[in-house]
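S.K.: Sharing a structure with you now.
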Amino acid sequence: MKTYLVPVDFSETSINAAKFAAALSHQTDVKEIILLNAYYVSPYETILPNPDMVLLREEEIEQNAADRIHRLEQIKKQLQKLVNTGVSITTHLNRSHLLRAVVENVISRKADVVFMGIKGNSSINDAHIGSHVIKISKASPVPVIVVPTSYHFENIKRVVVACDFNRVTETVPLETLKRLLSKKPYELLVVNIDKDAKHVQQDAQQMAEETALYGMLEEFHPQYFYIYKPDVINGILEFAAEKDAQLVIALPHKYSFLQSLLHNSVSQQLAEAAAVPVLLLK
């Protein structure tokens, strides 16, 4: 995890995600943090007037771009006070849609993980684009960490991995998880989602030993748990809060976990101080 990519749209949420990435540098091997702003102007905006009959001039576009670069540099100065010694921070303005900008920069800059706020991060002036987080999570070649708006960084000591024991196969990409966990002696809590309480009388540790997951994580000496709640998402969040975890990791399925997180009622919970970031493995 040598390079972090942080899309920034200057919203409070995106800046908080950047601060989280900077603080996390003290616990990882990161060498560079890239602050990315996507600024896309449709060709039609320069040849056709808007509903107010105002035509966007080239001078205005370039001034807007310059202003964005200046604001990125200001955020860079703030983050330089937070990062670990030796970590460089670079800024980049990309003249394309956010999704394309993120994927292109992940590939060209060899980024290892993308940090995003639960809201914000848009290539236009719309701040209500939680759907962008889902789209980027699906398209990104690397893992994405989603950071709640008001989350205040804590050193990561305890990590919750949310999954279905029986659905995890040897094809699940755990290399990123292993790289993350090998840096520090994190306490790993693996929780199974059992909303129908089918295994209420069974021992979680014993059941885990019968699955592919057990061998894949054995070197990290995890503890195994079952959640017996109809509401899977709230069950996971409550478990993370109860165990005082600093990070929740969702193994890749169909991203239903993230989609549920972006539902208004759950987004409000994530905005509270007790909510924690979510890492979506790829």
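S.K.: So who's got an amide H within less than 5 Å of the one on VAL8, skipping anything under 5 residues away but keeping other chains? H placed 1.01 Å off N, in plane.
M.R.: Correct list: LEU36, ASN37, ALA38.
S.K.: With a point put 7 Å past each Cα toward its Cβ, work out how far LYS282 is from GLN74 in nm, to one decimal.
M.R.: 3.1 nm
S.K.: Compute the length gained on full extension between GLU154 and LYS138: take 0.36 nm times their separation in residues and subtract their Cα-Cα distance, giving the result in nm to one decimal. Working shown, then result.
M.R.: Values: separation 16, 0.36 × 16 = 5.76 nm, distance 2.73 nm.
Stretched out fully, the GLU154 to LYS138 stretch lengthens by 3.0 nm.
S.K.: If each of GLU60 and ASN84 carries a label point 7 Å out from its Cα toward its Cβ, how far apart are those two points in nm?
M.R.: Placing both labels 7 Å along Cα→Cβ, they lie 4.6 nm apart.
S.K.: With the cut-off at 22 Å, tell me which of the pairs LYS31/LYS110; LYS76/LYS282; LYS81/LYS138; LYS119/LYS229; LYS76/LYS157 have Cα atoms farther apart than that.
M.R.: On the way: LYS31/LYS110 12 Å; LYS76/LYS282 28 Å; LYS81/LYS138 32 Å; LYS119/LYS229 27 Å; LYS76/LYS157 27 Å.
With Cα atoms farther than 22 Å apart: LYS76/LYS282; LYS81/LYS138; LYS119/LYS229; LYS76/LYS157.
S.K.: Please give the contour-minus-distance gain from ARG100 to GLU238: 0.36 nm per residue of separation, less the Cα-Cα distance, rounded to one decimal in nm. Don't skip to the answer; put the middle values down first.
M.R.: Numbers: separation 138, 0.36 × 138 = 49.68 nm, distance 3.49 nm.
Additional length available on full extension: 46.2 nm.
Laboratory data are not the source of any read-out in this text; all were calculated from the coordinates shown. None of these values were measured; they are calculated from a predicted model. Backbone-built Cβ (ideal geometry, glycine too); neighbour counts: all protein chains shown.
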